[in-house]
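The values are calculated or read from the model by the stated rules, or taken from the named source; none is laboratory data. Predicted model only: the values in this text are computed from it and were never measured. Positions of Cβ are backbone-derived with ideal geometry, glycine not excepted, and every protein chain shown enters the neighbour counts.
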Amino acid sequence: MDKNHLNGLLRPKSVAIVGASSTPGKIGYSVINNLIEGKYQGKIYPINPNATEILGLKVYPDVGSVPGEIDAAIITVPAKFVIEVADECGKKGVKGLIVITSGFSEIGRKDLEAELVKTANKYGTRVLGPNIVGTLSNSDHFNGSFAPGLPLPGKASLISQSGALLIALDAATYTRKVGFDKLVSIGNMSDVDFADIIDFLEDDKDTYCISLYIEGLKDGRRFIESARRAKKPVIALKSGISAHGAAAAASHTGSLAGATKIYGAAFKQAGVIQAADLNDLFNRTLTLSLQPAMKGDNMLILTNGGGVGVLATDSAEKYGIPLKFAPEELQTEMKKHMPEFGSAKNPVDLTGMAGNDWYYESVKYALTDKWVDGLVVLYCETAITNPTEIAIAMKKAIDDAGVKEKPVTISFVGGEKSDAAIAWLVENGIPAFNAPDLAVNAIATLREYAKIHEDGAAAEFVPNEKARKASLEIIAKARADGRNALTEIEAKQVFSVYGLPVTSTSLAKTEDEAVNLAKKVGFPVVMKIVSPEILHKSEAGGVKVNVKDEAAVREAFTTILKNAKAYNANANIHGIAVQEMAPWGTEVILGSTTDPTFGPTVMFGLGGIFVEVLKDVTFRVTPVSEDQADEMLSEIRGAPIIAGARGESPRDRKALTETIVAYSNMILELKDEVAESDANPVLVYEAGKGLKVVDARIILTKK
Ligand code: COA
């Protein structure tokens, strides 16, 4: 992305309003009024063929007649005129178009939108929108929108896919006291998208935190790359998590993939902090724009009330930073600022007698204590204290401690006086809330932000030309047969060339061949029907396990064939697979699916009932690193089973992570051919003993 063009678009030095109007109430009027009221210092050129002056500004009949350069053109003419205007702007050398006009892809006019982008890009002009409210920048006094006014100034910038929401949030910045520098409405994202603006804001000296409202990304992978590159905190609220992609899934994995899981995975991989709802987006944005990351897990809670202390302790557990007892030395210090009956353990309960001095001394000391990584200070309004004075004492303590690298979040519970104290604290740069849960959530956000930067390097795709070639041959053969799925034997061959440990499986066409293969593999064996028309083999009576000797092989061969024919008389039967019977292990499932936004993704979960009933699975966008694979093992609810629950020894975590990495490389390399796949079940043995892929399925892409 050309930074100069984006700068022209989002921080223009001169702006034309094409469709400027002298009629109050029209958008073309409102934008000019907003620019003037916002005290925009750049040049404003209203464009209208029929007017001479609007709001005291000289009007030009068209863009070409403007004497000076134009950085951005805000377009407020009806859709049918937009292409022509874009062409005029291109000829004039305008850097970017802010297209407020609706009536493009959002109502099915993809053609018109494509033509707009093509026309503008031909001249190097970039397009923001269409179908947007506009864009606002406090540091430039630029309100190039029909939003009510510039937001409360602050250190975060917001990119919103919903224009209406941006307008609502703009007004709410004043009541919530969460300030923003830039608000960018991104609309249909015909040209400039989230990734471009994240890159821009990363370099913007007035933005410290990047806040996103996302309905759906166009290019998920580009988004991951930009967000991952960003050194500033990126926080996102994703809406529309219900119906997505999971519709016509042919594999197990496909049916389990949904927007929530895949977006959640992508955000993790991109280092994006996810907000649960609008309130959470505001609270976390406020926190991330005001406080530093929390570099360790040691959180100290200071309180004047046991109840809020316990509530905060519960929240600490909920948000993944459970409280630890404060060390002796710290407790001894804390005891100096509380009565006999106070508690210095953690939460440090200064008791209801705590006044300005005790809060001041304990906050100041706690911040300088080497054990403390972050501080949550709680206060309940009492008759013997004044909330604003307490707030002032806390702020003074923070300043006097002189410790800039440790975060502090605060909660005041009480009435109007407490609310006023909260507002005062926020205005003075400290995130403060009206509930202990919110203060703990805030500090947990700062911990999460620090952890993002502790994470290892991004995963790298490792090409495997030999495996790719061998796989493509197998796939080509299946396609030549008119099949869109591989047989189990073929799928296992593909898995195997990519280094996945599959059970050895061979095809027997006759009973004698089956006997010979069984002898070679070693008894007992498993025998399965191989037919492209019979995907649910057990259901068809097409599987026999623990086949112990030659006679049993012969009997199984006849029975399986009989059952298969009874199940589907027209099934094309390739033969019967004879395979090694893997010893019992913990059943897990690996799978892959092609997400419409992020492309190939991998899934991991516990197999059997865990996946069928509890859907206890987790996803990652490929490629997956070993660290990320290891995270996957830890984040399912059944994680203790892998770690070794109820006296069981831990499962082979290393083999499992290596297999997930190999699997992710495989499906990324074969993304044009493989739509979905499952390795189910995979039997995992105790540490050091590896695993075996017992069954495999590959569904091909439609060609
Ligand atoms: N160059 C310059 N001005 C032009 C022009 C051109 N080629 N063609 C028309 N105009 C002028 C019109 O004469 C009019 O000015 P006037 O009031 O002096 O007559 C002005 O542009 C606006 O055109 P008009 O036909 O009155 O349209 P409108 O103001 O009713 O609606 C939009 C225009 C863009 C606001 C409307 O089409 C639209 O898209 N609305 C939705 C916007 C929205 O909600 N965006 C998304 C938010 S999430």
Might you let me know whether segment 644-656 holds any residue that is of a type in the set (Ser, Thr, Tyr) and at pLDDT 95 or above? no
Keeping to segment 117-143, report how many residues are more than 13 Å from the ligand (Cβ to nearest atom) and touching a residue at least 40 places away in the same chain (Cβ under 8 Å). 15
Collect the residues in segment 373-419 that are of a type in the set (Gly, Ala, Ser) and in contact (Cβ under 8 Å) with a residue 40 or more places away in the chain, keeping them in residue-number order. 374, 391, 411
Among the residues of segment 403-434, how many are in a loop (DSSP other than H, G, I, E, B) and within 21 Å of residue 368 (Cα to Cα)? 9
Taking into account only those residues within segment 181-209 that are in a strand (DSSP E or B) and more than 26 Å from residue 102 (Cβ to Cβ), which is nearest to the ligand (Cβ to nearest atom)? 181
Could you tell me how many of the residues in segment 478-489 are modelled with pLDDT of 95 or more and charged (D, E, K, R)? 1
Restricting to segment 27-52, give me the number of residues that are within 38 Å of the chain's Cα centre (by Cα), without any contact (Cβ under 8 Å) to a residue 60 or more places away in the chain and within 11 Å of the ligand (Cβ to nearest atom). 1
Identity of the residue in segment 449-486, of a type in the set (A, V, I, L, M), touching a helix residue (DSSP H, G or I) at 6+ places or on another chain (Cβ under 7 Å) and assigned to a helix (DSSP H, G or I), that ends up nearest to residue 321 (Cα to Cα): 467
Out of 84, 69, report the one residue that is more than 25 Å from residue 164 (Cβ to Cβ) and near the ligand (Cβ under 9 Å from one of its atoms). 84
Reported set for segment 476-517 where residues are free of Cβ contacts under 8 Å to residues at least 60 places away in the same chain, under 36 Å from the mean Cα position of the chain (by Cα) and closer than 17 Å to residue 578 by Cα is 493, 496
Looking at (1) on the phi > 0 side of the Ramachandran plot; (2) within 16 Å of the ligand (Cβ to nearest atom), can you tell me which one residue 177 breaks? (2)
Of the residues 313, 351, which single one is within 22 Å of residue 384 (Cβ to Cβ) and hydroxyl-bearing (Ser, Thr, Tyr)? 351
Would you please name the residue that is modelled with the lowest pLDDT, looking only at residues in segment 8-19 that are more than 7 Å from the ligand (Cβ to nearest atom) and of a type in the set (Gly, Ala, Ser)? 8
May I ask you to list the residues in segment 320-332 that are surrounded by fewer than 18 Cβ atoms within 10 Å (Cβ to Cβ) and either over 18 Å from residue 357 (Cα atoms) or in contact with a helix residue (DSSP H, G or I) (Cβ under 8 Å, 6 or more places away or on another chain) (or both)? 320, 322, 324, 325, 327, 328, 329
Does residue 77 count as more than 30 Å from the chain's Cα centre (by Cα), assigned to a loop (DSSP other than H, G, I, E, B), within 11 Å of the ligand (Cβ to nearest atom) and at negative phi? yes
Restricting attention to segment 345-386, which residues are under 40 Å from the mean Cα position of the chain (by Cα), part of a helix (DSSP H, G or I) and surrounded by fewer than 24 Cβ atoms within 10 Å (Cβ to Cβ)? 360, 364, 365, 367, 368
Subset of segment 614-637 (residues that are among the polar types (S, T, N, Q) and under 15 Å from the mean Cα position of the chain (by Cα)): 618, 622, 628
Name the single residue, out of those in segment 53-66 being part of a loop (DSSP other than H, G, I, E, B) and within 11 Å of the ligand (Cβ to nearest atom), that is surrounded by the most Cβ atoms within 10 Å (Cβ to Cβ). 59
Given the criteria out of contact with any helix residue (DSSP H, G or I) (no Cβ under 6 Å at 6 or more places or on another chain) and among the small types (Gly, Ala, Ser), does residue 96 qualify? no
Filtering segment 131-180 for residues that are farther than 22 Å from residue 72 by Cα and in a loop (DSSP other than H, G, I, E, B) leaves a count of 4
Considering only segment 587-642, state which residues are part of a strand (DSSP E or B) and among the hydrophobic types (A, V, I, L, M, F, W, C). 588, 589, 590, 602, 603, 604, 606, 617, 619, 621
Please verify whether residue 251 is at pLDDT below 90 and surrounded by fewer than 21 Cβ atoms within 10 Å (Cβ to Cβ), treating the condition exactly as stated. no
Would you tally the residues in segment 91-106 being more than 9 Å from the ligand (Cβ to nearest atom), at pLDDT 95 or above and surrounded by fewer than 19 Cβ atoms within 10 Å (Cβ to Cβ)? 3
Identify, from the list 293, 316, the residue that is out of contact with any strand residue (DSSP E or B) (no Cβ under 6 Å at 6 or more places or on another chain), part of a loop (DSSP other than H, G, I, E, B) and aliphatic (A, V, I, L, M). 293
Within segment 82-90, identify whether any single residue is without any contact (Cβ under 8 Å) to a residue 60 or more places away in the chain and not in a helix (DSSP H, G or I), and answer yes or no. no
Can you tell me which residue within segment 155-166, out of those that are surrounded by 23 or more Cβ atoms within 10 Å (Cβ to Cβ) and more than 9 Å from the ligand (Cβ to nearest atom), is nearest to residue 196 (Cα to Cα)? 159
Residue identified as farther than 30 Å from residue 314 by Cβ, within 29 Å of the chain's Cα centre (by Cα), surrounded by fewer than 14 Cβ atoms within 10 Å (Cβ to Cβ) and not β-branched (Val, Ile, Thr) among 460, 473, 465, 454: 460
Kindly evaluate residue 490 against the criterion of being of a type in the set (Asp, Glu), part of a helix (DSSP H, G or I) and farther than 26 Å from residue 570 by Cα. no
Please determine whether any residue of segment 130-144 is over 19 Å from residue 35 (Cα atoms) and in contact with a strand residue (DSSP E or B) (Cβ under 6 Å, 6 or more places away or on another chain). yes
